[in-house]
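Read the structure below first, then the notes.
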Amino acid sequence: MSSTYLGLPTFPRAAAPATRDTQLRANLRHATHTIRTKRAAAVAELGDWAELRAAGAAVKDHTLRHLDHYLLQLESAVTAAGGTVHWAADAAEANRIVTRLVQETGETEVVKVKSMATQEIELNEALAEAGVTAYETDLAELIVQLADDRPSHILVPAIHKNRRQIRDTFTEQMARWGRPAPEDLGDSPGELAEAARLHLREKFLRAKVAVSGANFLVAETGTVVVLESEGNGRMCLTVPETLITVAGIEKVVPTWRDLEIFLQTLPRSSTAERMNPYTSTFTGTTDGDGPGTFHLVLLDNGRTDTLADATGRQALRCIRCSACLNVCPVYERAGGHAYGSAYPGPIGAILTPQLRGTGTALDASLPYASSLCGACYEVCPVAIDIPEVLVSLRERVAEGGEVTRAGVRTTIRPAKGHAAERAAMRAGRWALDHPAAWRTTQRLALGTRALHPRRLPGKAAKAWTASRELPELPGQSFREWWRQRERQAGGRPEQGARQPGGDEPKGGQQ
């Protein structure tokens, strides 16, 4: 997977300035807390949410196990409906295909529906190099584009900006891209939305070519499904003469009926709405209705390699709802830019290192961008066990081992900077395998507890304790406590005795 994101600082270095930016922290905290509170209320309305969640995961897993079959079925259905399917092994090939298709129309402008796949391959930059200007039409994407910025959230790309900052961006930059902002533009949501609407209207009516992503691809009918909340997608999908859709191969679902699950779970998990405001479905071409030419570019770009990982492949279930970002304490403090990828937050921390590999310092650091609190798994509408994949990727980074890259099974070396971690884990494993040594270690640790520092020395250890203190050791080990309880109870534990921490013993009262 190629991307100019490579070479950016590691996550800890990139996150450091964000954690000190009080305005950014306030913007993120307000937005994520608002969204997740509304989402929780919307999900609570459904008595069968757990069943829907399990059904969504099952459909995704089934499709991934038989992806070759469903992709060929999709290609056949799209072709039969008048569309053309293109296969792109990586970002470079996808960009070449889309650029050629646009150039063949003779146009130098395209309008775009919000698409994470095109952000992933950096299509806008590739088109610009070929003399084609891509106009983002999603309001938040427009804000980011006008500010010469990058998205920082899956659902709300401009989540890191407040209304005043957006107003200033419109006033200063909108004229460079088309219709200028009103001279007396205020910062109320209504005024900002109206300025964007007027700015984009001329682009919708002028554009001959549109580029979209896809939320779902229905294999049995060749149908492309796009969900959005503003109506800009509907304009892009119906008005231009040529439509080019770029979608990851994992977006396939077998049947139209499968959409029943995701059209309930995706809106509630993303925008906290019972029903998505604009759900557009289109199948091939129809004379006199919508674009006369349709191209579907199916993107691999590391997805087949991810599919080969028995633990990591569950990341391909993702339906891009962003629920995991809104509950993540790390994302809330660091923001999306620190992840150096089109995919920020917990899902980005497991998806990006699989799509791109862990060969760079940035990608090797992403699996560590988590507290492993598990909140992301609890809210995921397709039950992706993000903590499980994070731990698996951390093992890959620290230990190396076999992975699939470009379809070839290969062995990678451990990432640099993890020698001390590997030595500590091996020492711990040896001690746990030798009970006498472990008891001796415990006695030494407890006997010297008064001398233990709260911060560790050394470069790596110091960095680890820069934002956390070492826990205090208890006055006695569990084994010692248990032996003491046995002596007090005359050789066996007292019935109903409470254990350290206040937990009731098993076998007690129910």
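The values are calculated or read from the model by the stated rules, or taken from the named source; none is laboratory data. Just so it is clear, the model here is predicted, and its values are computed rather than measured. Note that we place each Cβ from the backbone using ideal geometry, even for glycine, and neighbour counts take in every protein chain shown. In case anyone asks, the SASA skips ligands and DNA or RNA and just uses the protein heavy atoms, side chains included. Shrake-Rupley method; radii C 1.70, N 1.55, O 1.52, S 1.80 Å.
May I ask you to give the solvent-accessible area per residue for segment 392-434, in square angstrom, as obtained with a 1.4 angstrom probe?
71
So, with a 1.4 angstrom probe, what is the percent of accessible area on the chain that is carbon and sulfur? Show your work: numbers first, answer last.
On the way: 12900 of 24760 Å².
Heavy-atom surface of the chain belonging to carbon and sulfur, 1.4 Å probe: 52 percent.
For the chain, what is the mean residue ellipticity at 222 nm derived from helices alone (per DSSP H run of n ≥ 4: -39500 (n - 2.57); sum divided by total residues; nearest 500 deg cm²/dmol)? Please report the intermediate quantities before stating the final value.
Details: 23 runs with 249 residues, N = 510.
Counting only the DSSP helices, I get -14500 deg cm²/dmol.
In the chain, what percentage of the DSSP-assigned beta bridges are antiparallel, given to the nearest 5? Walk me through the numbers on the way to the answer.
Working: 15 of 39 bridges.
Of all bridge pairs located within the chain, approximately 40 percent are antiparallel.
Check the cysteines of the chain one by one and keep only those with no other cysteine Cβ under 4.7 Å from their own.
So far as the 4.7 Å Cβ criterion goes, Cys236, Cys318, Cys321, Cys328, Cys373, Cys380 stand without a partner in the chain.
When you have a sec, figure out the Kirkwood radius of segment 200-239 from all distinct Cα pair distances and drop it here in Å to one decimal?
Numbers: mean 1/r = 0.0886 Å⁻¹.
Answer for segment 200-239: a Kirkwood hydrodynamic radius of 11.3 Å.
Lysine pairs in segment 113-254 8 or more apart or on different chains: how many have alpha carbons under 21 angstrom apart?
Details: Lys114/Lys161; Lys114/Lys203; Lys114/Lys208; Lys114/Lys251.
Step by step, the pairs that qualify in segment 113-254 add up to 4.
Which of Leu28, Trp49, Leu101 sits farthest toward the positive end of the charge dipole of segment 19-123, with +1 on the Cβ of Lys and Arg and -1 on the Cβ of Asp and Glu?
The Cα lying farthest towards the positive end belongs to Leu28.
Shape of segment 124-271 from its Cα gyration tensor (a ≥ b ≥ c, root eigenvalues): rounded if a/c is under 1.5, otherwise prolate when a/b > b/c, or oblate?
Details: a/c = 2.14, a/b = 1.57, b/c = 1.36.
Prolate.
Could you list the chymotrypsin sites (Phe, Trp or Tyr not before Pro) in segment 54-148 that lie in coil according to DSSP, counting only those with at most 15 other Cβ atoms within 10 Å of their Cβ?
The qualifying sites: there are none.
Over segment 321-405, calculate the relative contact order: mean separation of alpha carbon pairs under 8 Å at least 6 apart, over the residue count, as a percent.
Working: 95 pairs, mean separation 23.7, N = 85.
Relative contact order comes out at 28 percent.
Report, for segment 94-226, the % of DSSP beta bridges that are antiparallel, rounded to 5. Before the final figure, lay out each step's value.
Details: 3 of 9 bridges.
Of the beta bridges lying entirely in segment 94-226, close to 35 percent run antiparallel.
To the nearest Å, what is the center-to-center distance of segment 263-341 and segment 122-197, using C-alpha atoms only?
21
Size of the dipole of the chain about the Cα centre, Lys and Arg at +1 and Asp and Glu at -1 on the beta carbon, nothing else charged, in debye to 20? Each step should come with its number before you reach the end.
On the way: 61 positive and 59 negative charges, 567 e Å.
Its charge dipole is roughly 2720 debye.
What longest range of the chain stays clear of loop-exposed trypsin sites (Lys or Arg not before Pro) (DSSP non-H/G/I/E/B, at most 14 other C-beta within 10 angstrom)? List each step's numbers first, then the result.
On the way: sites that count: Arg274, Lys416, Arg454, Arg455, Arg468, Arg498, Lys506.
With trypsin sites (Lys or Arg not before Pro) excluded where exposed in loops, the chain gives 1-273 as its longest stretch.
Using 19 Å as the cut-off for backbone N distance, which residues of segment 34-63 belong to the label zone defined by a point 7 Å from the Cα of Arg257 along Cα→Cβ?
51-63
Please calculate how many Å² of accessible area segment 232-362 carries per residue, with a 1.4 Å probe and no DNA, RNA or ligand atoms counted. Kindly include the intermediate steps, with their values, before the conclusion.
Numbers: 3930 Å² over 131 residues.
That works out to 30 Å² for each residue.
Give the range of the longest stretch in the chain that excludes all GluC sites (Glu not before Pro) found in loop regions by DSSP and having at most 10 other beta-carbon atoms within 10 Å.
After excluding every exposed loop site, the longest remaining stretch is 184-468.
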